[in-house]
Amino acid sequence: EVQLVESGGGLVKPGGSLRLSCAASGFTFTNAWMSWVRQAPGKGLEWVGHIKRKIDGETIDYTAPVKGRFTISRDDSENTLYLQMKSLRTEDTAVYYCATVGPGYGSGSYCFDYWGQGTLVSVSS
Amino acid sequence: QSALTQPPSASGSPGQSVTISCTGTSSDVDDYNYVAWYQFHPGKAPKLMIYEVSKRPSGVPDRFSGSKSGNTASLTVSGLRAEDEAEYYCSSYAGSNNWVFGGGTKLTVL
């Protein structure tokens, strides 16, 4: 059974930093593209970014509002995905989900096949 | 404001059918057959229900179906059941390693 478990959320002041983790199990993590998706309170979903698998160059893409502030990485030896967030703003307050995406696992399509339950990040003074 | 537009709510009685729309642009929904739908139940991990406009992952009941016309995609739930009450989101690939989502539709089973 695929499991994605996010951790690391919490309350942080504007300008602060936080690192989220996503522990994966139940599938071959090295085969999967992985992504972060967030949902601000009362809002829709927003794709944050993704990292491809090693054989696809581990290339990373981000949505414009987080470029230069957020960094996605992965540790295939630990089956873990990370999201390092810096210079946090109040508008970054959201539940952050990790999900598998794209080719390599699941449907093999350009969608988000498996999701975690999310971790809440609150940015407030 | 979300990139894809969904109605905030939809409802139907048990056994009925309900359709939820997802309107995008010529750069996403109209340009790619990579529209997907997700079911969000409180306290549970979101679940992929439809991908590539109309394909169902293994285990998703055939009561769920998807379609697309131009820049609008639709999710139809037939034979509504109480457990279908949830929030539904659409997504579309938008090219250049970019995805967009809808604002979500709360489906109520009356």
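Brief remarks follow.
- Note on the range A:14-35: among residues that are farther than 20 Å from A:Glu91 by Cα and of a type in the set (A, V, I, L, M, F, W, C), the one that is nearest to the other protein chains (Cβ to nearest Cβ) is A:Trp33.
- Test result for B:Ile20, touching a residue at least 60 places away in the same chain (Cβ under 8 Å), assigned to a strand (DSSP E or B) and hydrophobic (A, V, I, L, M, F, W, C): yes
- Where strands (runs of 3 or more DSSP E) fall entirely within the range B:53-110, those with at least 3 residues that are crowded, with 16+ Cβ neighbours inside 10 Å, hydrophobic (A, V, I, L, M, F, W, C) and more than 10 Å from chain A (Cβ to nearest Cβ) are at B:72-77.
- Of all residues assigned to the range B:56-64, none qualifies as being small (Gly, Ala, Ser) and within 14 Å of the chain's Cα centre (by Cα).
- If you go through the range A:31-76 and keep only what is in a helix (DSSP H, G or I) and free of Cβ contacts under 8 Å to residues at least 40 places away in the same chain, you end up with A:Lys54, A:Ile55, A:Ala64, A:Pro65, A:Val66.
- Checking B:Pro8, B:Pro57 one by one, the residue that is touching a Ser or Thr at 6+ places or on another chain (Cβ under 7 Å), of a type outside the set (Asp, Glu) and in contact (Cβ under 8 Å) with a residue 40 or more places away in the chain is B:Pro8 and no other.
- Scope the range A:36-63; condition more than 8 Å from chain B (Cβ to nearest Cβ), closer than 17 Å to A:Arg74 by Cβ and surrounded by 14 or more Cβ atoms within 10 Å (Cβ to Cβ); matching residues: A:Trp36, A:Val48, A:Gly49, A:Ile51, A:Lys52, A:Arg53, A:Glu58, A:Ile60, A:Tyr62
- Residue list for the range A:64-91, filter: surrounded by fewer than 18 Cβ atoms within 10 Å (Cβ to Cβ) and of a type in the set (D, E, K, R): A:Lys67, A:Arg69, A:Asp75, A:Asp76, A:Glu78, A:Lys86, A:Arg89, A:Glu91
- Test result for A:Ser87, of a type outside the set (Phe, Trp, Tyr), more than 13 Å from chain B (Cβ to nearest Cβ) and closer than 16 Å to A:Tyr62 by Cα: yes
- Looking at B:Ser91, B:Ser27, B:Ser58, just one residue is out of contact with any Asp or Glu (no Cβ under 7 Å at 6 or more places or on another chain), closer than 28 Å to A:Gln3 by Cα and modelled with pLDDT under 95, and that residue is B:Ser58.
- Residue list for the range A:93-125, filter: more than 10 Å from chain B (Cβ to nearest Cβ) and either without any contact (Cβ under 8 Å) to a residue 40 or more places away in the chain or not hydrophobic (A, V, I, L, M, F, W, C) (or both): A:Thr93, A:Tyr96, A:Pro103, A:Gly104, A:Tyr105, A:Thr119, A:Ser122, A:Ser124, A:Ser125
- Flag if A:Ser87 is in a strand (DSSP E or B) and either without any contact (Cβ under 8 Å) to a residue 24 or more places away in the chain or hydroxyl-bearing (Ser, Thr, Tyr) (or both): no
- Checklist (1) more than 14 Å from chain B (Cβ to nearest Cβ); (2) on the phi < 0 side of the Ramachandran plot applied to A:Gly8, failing item: (2)
- Count of residues meeting criterion [touching a Ser or Thr at 6+ places or on another chain (Cβ under 7 Å) and surrounded by fewer than 24 Cβ atoms within 10 Å (Cβ to Cβ)] in the range B:29-47: 2
The values are calculated or read from the model by the stated rules, or taken from the named source; none is laboratory data. All figures in this text were calculated on a predicted structure; none of them were measured in a lab. Every residue, glycine among them, receives a Cβ derived from its backbone with ideal geometry; neighbour counts consider all protein chains shown.
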